[in-house]
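Here is the structure we will look at, set down as structure tokens.
The values are calculated or read from the model by the stated rules, or taken from the named source; none is laboratory data. Owing to the predicted nature of the structure, the values given are computational and were not obtained by experimental measurement. Note that each Cβ is placed from the backbone with ideal geometry, even for glycine, and that neighbours are counted across all protein chains shown. Keep in mind that these areas ignore ligands, DNA and RNA; they rest on the heavy atoms of the full protein, side chains included. Shrake-Rupley method; radii C 1.70, N 1.55, O 1.52, S 1.80 Å.
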Amino acid sequence: MDMQFLDQERIVVASSTGTVTVFRHHQNNQTLSADHRWEKAHYHVDQDTACGGAACTGVVCNNPEIVTVGEDGRINLFRADQKDAVRTIDNADSSTLHAVTFLRTTEILTVNSIGQLKIWDLRQQRNEPSQMFSLAGDRVPLHCVDRHPNQQHIVATGGQDGMLSIWDIRQGTMPVSLLNAHEAEMWEVHFHPSDPDHLFTCSEDGSLWHWDTSTNVSEKPSFLHQGGRSTAYLSHSTINQSVVSAWLSSDPTKDRMEITNLIPNQTLSVNSLDVLGPCLVYGTDAEAIYVNRHLFA
């Protein structure tokens, strides 16, 4: 269901059975071995029953800490060097929790199937969120979340309606911007970790979009113009706006933004993506993993 690197040698994997496993990658022979496993970390009724497992839908790591969420509305905090969970919030949510991210070392943010974001302060012993945000109107399920790497108060989410939502968790309880995006469910959203004026989203509709809020985008060489069939521009009234103000604008049409579908001929769902430096990796329903090593060439 989800996976994330814990460090350079270990990968944490979330399973549809509710089990969470830490695998170690052996570079000498390119094999994986299970370092540790938490059986049925997520479950619907009874952890000890044979068929009670609930899907673990999301995992996030901040070595040595591991946080998981699941269909059971449960949040688990593990440490890679400990056998049992450090903490479990059994009834964190009455609906499915789809994704989780760290805001700070002691705070996490979850998204659920009724369009809510919740912030949890792990220093507090009470099993209630410290803040809650929600989409107005219909309770559209949210599937993915990521925070700005430099401005932790800026959060991006995507959900069942394919919309990209930008939130400022310092103020208000509703998104700052709602941007029309994909024609079907958005499965993943990621800010570029070292260049967060670039954001990437992928969808059930087979598209993988790059959102560029950097200034003077038309004047610099960019992979966006290689093919050029699916490039769209939003009008811009003030070119020298900061990256932060561009993401937080309540009227995105006032800010320069270039949007490109990086795989315009794709038809099968793009289920997952990640980006680091000039490399983009994504997986599809074609049961294949694709790597673009020259994003900014």
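Quick one: if you stick a label point 7 Å off each Cα along the C-beta vector at ARG104 and ASN271, how many nm between them?
3.7
Relative contact order for segment 175-216: what percent, with Cα pairs under 8 Å and sequence separation of 6 or more? Before the final figure, lay out the partial values.
Details: 56 pairs, mean separation 13.4, N = 42.
The normalised contact order for segment 175-216 reaches 32 percent.
Charges at C-beta only: +1 for Lys and Arg, -1 for Asp and Glu. How large is the resulting dipole of the chain about its Cα centre, in Debye rounded to 20? Intermediate values should be presented prior to the final figure.
Details: 20 positive and 36 negative charges, 120 e Å.
It works out to roughly 580 debye.
If contacts are Cα pairs under 8 angstrom and at least 6 residues apart, what is the relative contact order of segment 111-209 in percent?
20
For segment 118-165, run through the trypsin sites (Lys or Arg not before Pro) and keep only the ones in DSSP coil with at most 16 other Cβ atoms within 10 Å of their Cβ. Walk me through the intermediate numbers first.
On the way: sites: LYS118, ARG123, ARG126, ARG139, ARG147; in loops: ARG123, ARG126, ARG139.
For trypsin sites (Lys or Arg not before Pro) across segment 118-165 that sit outside H, G, I, E and B with at most 16 neighbouring Cβ atoms in 10 Å, the list reads ARG123, ARG126, ARG139.
At what distance in angstrom do the alpha carbon centres of segment 55-84 and segment 134-192 lie from each other?
So the two Cα centres are separated by 22 Å.
Taking all protein chains in place and a 1.4 Å probe, what share, in percent, of the accessible surface of segment 1-155 do carbon and sulfur account for?
On the way: 3190 of 7500 Å².
Roughly 43 percent, rounded to a whole number.
Would you be so kind as to identify which of GLN160, ASN150, TRP120 lies farthest towards the positive end of the dipole of segment 118-177, taking Lys and Arg as +1 and Asp and Glu as -1 on Cβ and the Cα centre as origin?
TRP120
Note down the nm distance, to one decimal, between modelled labels 7 Å out along Cα→Cβ at THR173 and at ARG79.
The modelled label-to-label distance comes out at 3.6 nm.
Residue by residue through segment 191-206, what is 3J(HN,Hα) from phi via Karplus (6.51 cos²θ - 1.76 cosθ + 1.60, θ = phi - 60°)? Round to whole Hz and write x for glycine and proline.
Whole-Hz 3J(HN,Hα) from phi for segment 191-206: 6, 5, x, 10, 9, x, 7, 10, 9, 10, 9, 9, 8, 4, 6, x.
How big is the chain by the Kirkwood estimate over distinct Cα pairs, in Å?
Across the chain, the inverse of the average 1/r is 19.9 Å.
Tally Lys/Arg at +1 and Asp/Glu at -1 over every other residue whose Cβ is under 14 Å from the Cβ of ASP93; what's the total?
-1
Taking the Cα of ALA136, stepping 7 Å toward and past its beta carbon, and measuring to each backbone N in segment 102-116: which are under 13 Å?
Under 13 Å, as judged by backbone N against the label point of ALA136, lies no residue of segment 102-116.
In a Gaussian network model over the chain where Cα atoms closer than 10 Å are linked, find which of SER33, SER207, SER15 has the largest mean-square fluctuation.
SER33
Between ARG293 and GLN125, what is the label-to-label distance in nm when each label sits 7 Å out along the Cα-to-Cβ direction?
In this crude label model, ARG293 to GLN125 measures out at 5.4 nm.
Let me check against my output: what whole-number percent is the relative contact order of the chain, with C-alpha pairs under 8 Å and at least 6 apart?
Rounded, it is 9 percent for the chain.
If we count every other residue with Cβ under 10 angstrom of GLU204's Cβ, Lys/Arg +1 and Asp/Glu -1, where does the sum land?
Residues close to GLU204 contribute a combined charge of -4.
Calculate the dipole size of segment 1-44 relative to its Cα centre from +1 charges on Lys and Arg beta carbons and -1 charges on Asp and Glu beta carbons; express the result in debye to the nearest 20.
Charge dipole of segment 1-44: 100 debye, to the nearest 20.
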